Structure formats: C-alpha cells, structure tokens
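To keep things clear, I will list the structure first and then write my remarks on it.
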Amino acid sequence: MRAWSIPIGKFFGTEVRLHLTFLLLLALVVTQTMKVGIEAGRGIALFFIIFTAVALHEAARALFTPGKRDRLQRLVLLPIGGVILGETSEHGSKPESLMSEARTALAGPAANLLFGAFAAALLSAVGQVKIFASPYIHSSHLARSLVWVNVSLGLLNLVPAYPLSAGRLLRVWLAQSAGKDVADPWQEATRRSVSYGQGFSMLLTVMGFIAGNVWAMLVGFCVFIAGHLEDRSLLFQSVVSSVRMEEIMLTDFAVLSPADTLQDALEKALHTLQDDFPVVRSGDLVGTITRQKILDAIRSEGNGYVQSVMNRVIEVCQKGESLATAFRKITTRGLTMLPIVDQQRLIGIVTLQNLSHNMALLAESRRLRKMDES
C-alpha cells in the first residue's frame with residue numbers, strides 16, 4: 001500500500017493517502033484536454049473537481065461511521081472512492097448490523113447525489129448552465145462537470161460490486177446469511193464480495209476496451225485495485241491475528257544494564273545489529289533505550305549512565321498475545337521495540353527492524369507445513 005500511495009495528511013486522526021491511480025487520472029485528463037486544443041489548466045481543474053467529489057464522498061462516510069476511529073487505519077483515496085485499511089478494534093472491523101453498515105456505506109453516495117442536485121439547481125438558476133447538454137463531463141464545461149462528476153460517483157457506488165458502497169452492504173448480507181457450517185462467515189463473505197467486485201471490474205474493463213471508452217477502462221481498473229487492496233488487508237489481518245509473539249520474537253538479543261555507562265553501551269551496540277535494547281537489572285526489565293538515544297546523549301551531555309537516559313515507561317507483550325496486538329501497540333504508541341515477557345521475565349523482543357523479515361519467513365514456513373500436510 002505504501003509503495004503505491006503517497007501521504008497527503010490526516011482526517012479525523014486517520015492517515016489519508018493518495019493512490020497513484022489518481023496520477024494516472026491526472027495524466028489522462030490533461031492528455032484528453034490538450035488533444036482537443038484546450039489549455040492544460042482546464043484539465044487540471046477537472047482533475048481537482050473529481051478529487052473534491054471523492055473527498056466529499058469519504059468525508060460523509062467518516063461522519064456517519066459509528067464508534068471510535070482507530071489511528072491504525074489508513075484511508076487510501078482512488079478515483080472511485082476510498083479504501084479504509086486497518087482494524088477498527090481488537091476484534092476486527094465487523095459492523096454491528098446491516099443497518100449500521102447501510103448508514104455508513106450509503107452516506108458517501110448520498111452526499112455526492114445531493115451535492116450534484118444542489119449544484120445543478122444553482123447553476124441552472126444563476127449561471128444558466130445547460131445541465132443535460134453533452135458532453136456531461138469535459139474540461140471545456142467545468143460547471144456542468146461539477147454536477148455530473150458527483151452524480152456519476154454517487155451512482156457508481158450504488159453498484160453492488162465490492163468495495164463500492166453497495167458492495168459493502170452485499171458483504172454484510174452474505175455474512176449474515178451464511179450457514180452455520182461456515183467457520184468464519186465474515187471472512188468468507190469478504191472473499192466472495194471481492195470476487196464479485198473484481199468480476200464486475202473485469203467486465204467493465206473489457207467492455208470499455210471493446211467500445212474504445214478509456215473512462216470505463218479506468219473505472220474498471222480502479223475497482224479492481226481497490227478490491228485487491230481490501231483483499232490484501234483482510235489477508236494481513238487474518239495472519240497477524242493468528243500469529244503469536246513467541247513464534248516470531250527474537251530470543252538471541254543483547255541487553256544493557258542501568259549501571260552501564262553510555263560509552264560501554266555504545267561499545268556493546270557496535271557488536272550487534274540491534275537498534276533497540278532492553279535494560280535489565282537482575283533479570284527484571286526496567287527500561288529500554290535506542291542506539292540513537294545513546295549517541296545523542298553522549299554528544300549533548302558526555303558520558304553518563306544508561307539509567308539516566310533510558311525510557312522507564314515500558315510497553316510489553318505476553319508471549320501468547322497475537323501479532324495484531326503488537327502492531328497496535330507499536331503503531332499507536334510510536335514504538336520501535338516490544339519486549340516479550342512470560343511471568344514478568346524477559347524472554348524475547350520484537351522490533352520493527354526484524355518484523356517484516358520474520359513475517360516473510362513465517363509465511364514460507366506455514367506454506368511448507370500445509371504442503372506437507374496435504
């Protein structure tokens with residue numbers, strides 16, 4: 001997700017990122033504009049109209065989302081709307097009911113359609129704009145485009161193709177109607193909804209290719225990408241919820257003593273790849289310190305003791321806790337290391353430095369284990 005999107009700020013405490021399909025849209029709009037002899041600036045203006053419609057869609061959805069928003073969430077904006085990645089609670093992101101999901105999912109399309117209707121009435125009365133003239137969306141008619149961009153985005157999200165708004169309602173309905181023999185109805189409903197959505201995206205892309213309609217192809221491509229992001233997010237949440245800390249923690253690691261001098265600590269740090277160190281006294285964890293903090297303290301204050309600069313507020317995980325819990329603690333508290341304890345004794349550490357590496361190895365180990373079992 002981070003490789004294909006760029007951060008643009010925060011909204012209600014949620015990090016907002018712009019997917020690179022928006023840059024594809026910008027290039028397409030400017031190219032189509034210049035091809036008919038219109039200045040590129042109007043194409044850029046049309047791009048921002050589309051971006052504003054998407055922002056309105058997501059703002060309305062955020063306002064009608066029940067419960068406390070999670071700082072772990074990432075909102076990725078695509079030209080068809082936004083995709084929210086990340087858990088919303090310790091137990092996942094399942095809505096309470098079909099009605100609560102309907103309020104959240106349909107808030108976006110409703111906002112776009114209402115704004116489009118208001119803009120149409122205002123422009124017709126004040127600006128004498130012909131709302132129903134062709135072309136509906138074009139850089140040569142920005143006022144009319146403002147209406148139809150919002151109307152089109154609202155109507156598109158009423159198609160029951162996940163992760164479009166109506167597709168989210170389909171997912172809840174599938175989960176609630178699943179049989180008792182289904183182990184995880186929510187996960188199964190999500191996978192079915194994603195497959196339906198990607199089928200719709202492929203159909204739209206093929207029809208756009210046959211008809212020579214580049215806009216239909218772009219919409220189909222964006223629906224496919226959004227569904228893929230949601231599917232990968234579901235897979236990630238499933239993995240991190242099943243992995244226990246004792247499966248991935250580092251058991252061979254260096255520790256420091258609060259009585260160590262900073263110079264001694266620096267010497268020890270030179271002989272390990274760790275960037276973060278637990279500080280232990282008589283087997284008990286009493287603090288943590290980073291390599292960078294050691295360097296900064298020596299440069300600013302000279303040699304001293306580890307206990308004078310270590311972090312005494314310690315966040316720990318039990319060995320049986322899930323990796324999802326570790327991610328939550330690391331992300332929400334800005335940590336780079338989590339000590340793992342068993343009956344208050346330090347038995348391992350998990351760091352951001354080694355986490356992705358261990359996850360890759362664990363995934364391969366589980367894949368080989370499944371192959372042996374089959």
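The values are calculated or read from the model by the stated rules, or taken from the named source; none is laboratory data. It should be emphasised that the depicted structure is a prediction, and the values quoted were computed from it without experimental measurement. Cβ atoms come from the backbone with ideal geometry, glycine included; neighbour counts cover every protein chain shown. Protein only, heavy atoms only, side chains kept; ligands, DNA and RNA dropped before computing areas. Shrake-Rupley method; radii C 1.70, N 1.55, O 1.52, S 1.80 Å.
Among (1) crowded, with 19+ Cβ neighbours inside 10 Å; (2) outside any helix (DSSP H, G or I), where does Gln128 come up short? Of the numbered conditions (1) crowded, with 19+ Cβ neighbours inside 10 Å; (2) outside any helix (DSSP H, G or I), the odd one out for Gln128 is (1).
Within the stretch 287-305, residues that are free of Cβ contacts under 8 Å to residues at least 12 places away in the same chain and open to solvent by less than 90 Å² (accessible area, probe 1.4 Å) reach no partner that is of a type in the set (Gly, Ala, Ser) and in a helix (DSSP H, G or I) with beta carbons closer than 9 Å at six or more positions or on different chains. Among the residues making up the stretch 145-204, those that are among the aliphatic types (A, V, I, L, M), in a helix (DSSP H, G or I) and without any contact (Cβ under 8 Å) to a residue 60 or more places away in the chain are Val147, Val151, Leu155, Leu170, Leu174, Ala189, Val194, Met202, Leu203, Leu204.
Here the helices (runs of 4 or more DSSP H) wholly within the stretch 245-355 that include at least 1 residues being among the aromatic types (Phe, Trp, Tyr) and under 35 Å from the mean Cα position of the chain (by Cα) are 323-333.
Taking each residue of the stretch 94-109 that is farther than 29 Å from Trp148 by Cα and looking for partners that are assigned to a loop (DSSP other than H, G, I, E, B) and modelled with pLDDT under 85 with beta-carbon atoms closer than 8 Å, six or more apart or interchain, yields Glu96/Pro66. For the stretch 246-279, a tally of residues being aliphatic (A, V, I, L, M), over 19 Å from Gln307 (Cα atoms) and in contact with a Gly (Cβ under 7 Å, 6 or more places away or on another chain) returns 2. In the stretch 2-10, the condition of being open to solvent by less than 50 Å² (accessible area, probe 1.4 Å) and at pLDDT 80 or above is met by at least one residue.
Phe48 meets the stated requirement of being open to solvent by 30 Å² or more (accessible area, probe 1.4 Å) and free of Cβ contacts under 8 Å to residues at least 60 places away in the same chain.
Quick check on my filter: what residues within the stretch 134-144 are touching a Lys or Arg at 6+ places or on another chain (Cβ under 7 Å), assigned to a loop (DSSP other than H, G, I, E, B) and either open to solvent by 50 Å² or more (accessible area, probe 1.4 Å) or under 16 Å from Gly116 (Cα atoms) (or both)? The one that is touching a Lys or Arg at 6+ places or on another chain (Cβ under 7 Å), assigned to a loop (DSSP other than H, G, I, E, B) and either open to solvent by 50 Å² or more (accessible area, probe 1.4 Å) or under 16 Å from Gly116 (Cα atoms) (or both): Tyr136.
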